[in-house]
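Below is one structure, written out as structure tokens; comments come after it.
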Amino acid sequence: MFGENTVINYKEYFGPTATTKFAISHLSIVLVIIIPFQALYMFLLVTKTTYNYFETLVAAIYTLGTIILLQFVFAVIALLIYGINSRSVDLRISDAFKILYLIWFIYSFIKLFPIKMKFLRMVGFVLLAFGTFTIWRLYGFPLLANRLFMK
């Protein structure tokens, strides 16, 4: 019942099949690269007048922890769907949960700061954060994994 790509279909979410298998089993390598970029975007767009970069890094770590929790919830939902109708769920569907969370997070977070153009900064953060993750998972991680880890 829990064979490869049975409950959640990873397809080639992180590039070629071998790279995706490696990424799923070593997710910390994938995610640790994203945290500093997310913190940098948040710092430059929102917090630089109030907090330093390292304080903003803590907020980025919190955000990523919540995204990991949402991935767990997605996995449970996928398991229920598979149990009901024996169909796997595409992992790309979870990206919608991630984007919605990022929007909610930055909306709630940005309200705390006396800055101008909050909506544009919020949109910029979401686009940069999710865009960086997408570029990293499609191009950066497969290249790094193939050169360093998968020889």
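The values are calculated or read from the model by the stated rules, or taken from the named source; none is laboratory data. The shown structure was predicted, so the numbers you read here are calculated from the model rather than taken from an experiment. Using ideal geometry, Cβ is built from the backbone for each residue, glycine included, and neighbour counts are taken over all protein chains shown.
Of these, 29, 34, which one is at pLDDT below 80 and over 28 Å from residue 84 (Cα atoms)?
Every option except 29 fails the conditions.
Only one of (1) over 29 Å from residue 107 (Cα atoms); (2) surrounded by 14 or more Cβ atoms within 10 Å (Cβ to Cβ) is not met by residue 29, so which one is it?
So residue 29 meets the others, but not (1).
Just to be sure I understand the filter: pairs with C-beta atoms under 6 Å, separated by 6 or more residues or on different chains, first member in the range 89-103 and closer than 14 Å to residue 128 by Cα, second member of a type in the set (Gly, Ala, Ser). Which pairs pass?
Every condition considered, the pairs that remain are 102/129.
Which one of 80, 44, 102, 112 is under 16 Å from the mean Cα position of the chain (by Cα) and among the hydrophobic types (A, V, I, L, M, F, W, C)?
102
Conditions (1) under 18 Å from residue 20 (Cα atoms); (2) buried (at least 18 other Cβ atoms within 10 Å of the Cβ); (3) among the charged types (D, E, K, R), marked per residue:
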| residue | (1), (2), (3) |
| --- | --- |
| 43 | no, yes, no |
| 47 | no, yes, no |
| 57 | no, yes, no |
| 71 | yes, no, no |
| 82 | no, no, no |
| 87 | no, no, yes |
| 115 | no, no, no |
| 147 | yes, no, yes |
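Residues are listed down the side, and each one gets a yes or a no for (1) crowded, with 17+ Cβ neighbours inside 10 Å; (2) more than 30 Å from residue 146 (Cα to Cα); (3) touching a strand residue (DSSP E or B) at 6+ places or on another chain (Cβ under 6 Å); (4) basic (Lys, Arg):
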residue	(1), (2), (3), (4)
19	yes, no, no, no
25	no, no, no, no
53	no, yes, no, no
60	yes, no, no, no
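Can you tell me which residue among 129, 145, 75 is at pLDDT below 85, in contact with a helix residue (DSSP H, G or I) (Cβ under 9 Å, 6 or more places away or on another chain), in a helix (DSSP H, G or I) and not charged (D, E, K, R)?
145
Which residue, of 21, 11, is modelled with pLDDT under 90, touching a Leu at 6+ places or on another chain (Cβ under 8 Å) and among the basic types (Lys, Arg)?
11
For the condition touching a residue at least 12 places away in the same chain (Cβ under 8 Å), in contact with a helix residue (DSSP H, G or I) (Cβ under 8 Å, 6 or more places away or on another chain), within 30 Å of residue 114 (Cα to Cα) and not β-branched (Val, Ile, Thr), what is the one hit in 36, 16?
Sole residue among the options that is touching a residue at least 12 places away in the same chain (Cβ under 8 Å), in contact with a helix residue (DSSP H, G or I) (Cβ under 8 Å, 6 or more places away or on another chain), within 30 Å of residue 114 (Cα to Cα) and not β-branched (Val, Ile, Thr): 36.
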